[in-house]
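Report on one structure; see the data block that follows.
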């Protein structure tokens, strides 16, 4: 009987551990989704900044070309 009681306790402990791990998994999956969303936002910001950088670079190159044209004349 003592062995059966011991086995029941081990099973109960295992069940509680499984429940706890399932809850932790759900929380971690939510956190992953949050972080993935944040990462996507940051990637969009990076792309926007790169685009702005290229636009500014093109404008500066155009201005430099105009300055060169003035100096040649």
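Here is how the number arises for the chain: DSSP H runs of 4 or more residues each give -39500 (n - 2.57), the sum is divided by the residue count, and the result at 222 nm is -37000 deg cm²/dmol. Using only the alpha-carbon atoms, how far is helix 2-72 inclined from the longest principal axis of the chain? Give it as 0 to 90 degrees, nearest 10. The two axes meet at around 0 degrees.
Note: the chain, Cα convex hull, 58 Å³ per residue.
No lab work stands behind these numbers, since they all come straight from the coordinates. No experiment lies behind these values; they were computed from the predicted model shown.
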